Structure formats: structure tokens, C-alpha cells
Amino acid sequence: MDYPNYVPADPPDAALLLTLNQALFAEDGLTAFPLADRQRAIEMLLEEPERWGEVWLIRDGETVVGYTILTWGFTVELGGPFLLIDELYLRPSHRGRGWGSTTLDFISDRARFHRGVALQLEVEHHNAQARALYERNGFQPHATRTTMELRLDDDSTAAF
């Protein structure tokens, strides 16, 4: 097996990341999330990674074949900080080669580096391939919870 390498993304990578993000959202059928919101969020992450989280490009040699976004959180019930795998995307050409599992190992190492007590993620119900990857790597569905959200107005990011 060849191996991926991971490079921290920088602000000039925003357009590339948005292109990969569009591929992810198209594959998952995620149509309720405006492109402008996703672009703004990617730019915020790239501008202030110490505040919001890390963005990593996944490369095959010099070719970018995916990305992952890790954001910071805190949970009292588990005893401290956790990292959220907000997104993980590999181009179809690089799936089924062990790169997903290798990337999850890399992400786990990043979580330990940041002294996280857990990794969390969300996966679409219909994405059986991704669910299987996560389960093979030790992730389990939460036994009693469903993710819920309340969307705030567009000015909500101004306070941060």
C-alpha cells in the first residue's frame, strides 16, 4: 500500500478546499448548506486555526486527493476537550486502499497531541461505506442521542 501524506492547509488553499468540499456535498446529497456559508467557514478556519481547528490536505505525492477538518470542542461528560472530525473526504480514486483508516490514525494522533479525551464525528445515515470505515476503526454510534441543531442568524459569527 502506498501512504498518504498530510500537509496543513493555508489561506491560499481555500479555493481547492471548497472544490473538494463541493465534491463531498454532492456525493452525500447535502443541498441545504449554502456554498457561501461553507466558503466563509473554510476561510475562517484557515485564517485562525489556533482558534477554530485544523485543516489538513491529504496528498498522494504532490497531488491533493482529499482533506480533513478537525475542530475543537469540550465535553463535561467525557471529562474534557474533544476533537470533532467535521469533515473527512477522499476522492473516489483513493478509497478502498486503506487511506481512510490511515487518515483516522493520523487524526487520532492529532487528538492526542491536543490532549483530547475523545473524537466525535457525524456521518450521513445513507453513507454505509463511511459508517463501515468508522466502525472498523472503533467509532460507535451514540447509544442514546441524536444530533440536533438551531441555526442562528447571519450575524452570529460576529461575536466570535
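The values are calculated or read from the model by the stated rules, or taken from the named source; none is laboratory data. Since the structure is predicted, the reported quantities are computational estimates derived from the model, not experimental observations. No Cβ is skipped: glycine too gets one built from the backbone with ideal geometry, and neighbour counts run over all protein chains shown. Ligands, DNA and RNA are stripped out before the accessible areas are found, and what is left, the full protein with its side chains, is counted by its heavy atoms. Shrake-Rupley method; radii C 1.70, N 1.55, O 1.52, S 1.80 Å.
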Contact list, first residue from segment 113-138 and in a helix (DSSP H, G or I), second anywhere and open to solvent by 40 Å² or more (accessible area, probe 1.4 Å) and at pLDDT below 90, beta-carbon distance below 7 Å, six or more apart or interchain, is Ala130/Val123; Arg131/Val123; Tyr134/Leu121; Tyr134/Val123
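Residue by residue, here is whether (1) charged (D, E, K, R); (2) without any contact (Cβ under 8 Å) to a residue 40 or more places away in the chain; (3) touching a strand residue (DSSP E or B) at 6+ places or on another chain (Cβ under 9 Å) holds:
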| position | (1), (2), (3) |
| --- | --- |
| Ala9 | no, no, yes |
| Ala23 | no, no, yes |
| Ala26 | no, yes, no |
| Thr31 | no, yes, no |
| Glu47 | yes, yes, no |
| Asp60 | yes, no, yes |
| Ile69 | no, yes, yes |
| Leu78 | no, no, yes |
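Could you please let me know if Gly80 is of a type outside the set (A, V, I, L, M), on the phi > 0 side of the Ramachandran plot and under 12 Å from the mean Cα position of the chain (by Cα)? Before you say what the answer is, go through the steps one by one.
Numbers: of a type outside the set (A, V, I, L, M): yes; on the phi > 0 side of the Ramachandran plot: yes; under 12 Å from the mean Cα position of the chain (by Cα): no.
No, not satisfied.
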The residue that is least open to solvent (accessible area, probe 1.4 Å), considering only those in segment 66-108 that are more than 24 Å from Leu24 (Cα to Cα) and not in a strand (DSSP E or B), is Gly79
Within segment 114-149, the residues that are exposed (fewer than 10 other Cβ atoms within 10 Å of the Cβ) and either modelled with pLDDT of 95 or more or among the basic types (Lys, Arg) (or both) are Arg115, Arg145
* Is it true that some residue in segment 56-78 is acidic (Asp, Glu), modelled with pLDDT under 95 and within 17 Å of Asn127 (Cα to Cα)? -> no
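Would you call Pro49 out of contact with any Pro (no Cβ under 7 Å at 6 or more places or on another chain), open to solvent by less than 70 Å² (accessible area, probe 1.4 Å) and modelled with pLDDT of 95 or more? First the steps, then the outcome.
Details: out of contact with any Pro (no Cβ under 7 Å at 6 or more places or on another chain): yes; open to solvent by less than 70 Å² (accessible area, probe 1.4 Å): yes; modelled with pLDDT of 95 or more: no.
No, not satisfied.
Taking the condition over 22 Å from Arg115 (Cα atoms), over 16 Å from the mean Cα position of the chain (by Cα), open to solvent by 50 Å² or more (accessible area, probe 1.4 Å) and not aromatic (Phe, Trp, Tyr), does Thr63 pass? Let's see the steps before the verdict.
On the way: over 22 Å from Arg115 (Cα atoms): yes; over 16 Å from the mean Cα position of the chain (by Cα): yes; open to solvent by 50 Å² or more (accessible area, probe 1.4 Å): yes; not aromatic (Phe, Trp, Tyr): yes.
So Thr63 passes the test.
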Reported set for segment 9-28 where residues are open to solvent by less than 70 Å² (accessible area, probe 1.4 Å), part of a helix (DSSP H, G or I) and not polar (S, T, N, Q) is Pro11, Asp13, Ala14, Leu16, Leu17, Leu18, Leu20, Ala23, Leu24, Phe25, Asp28
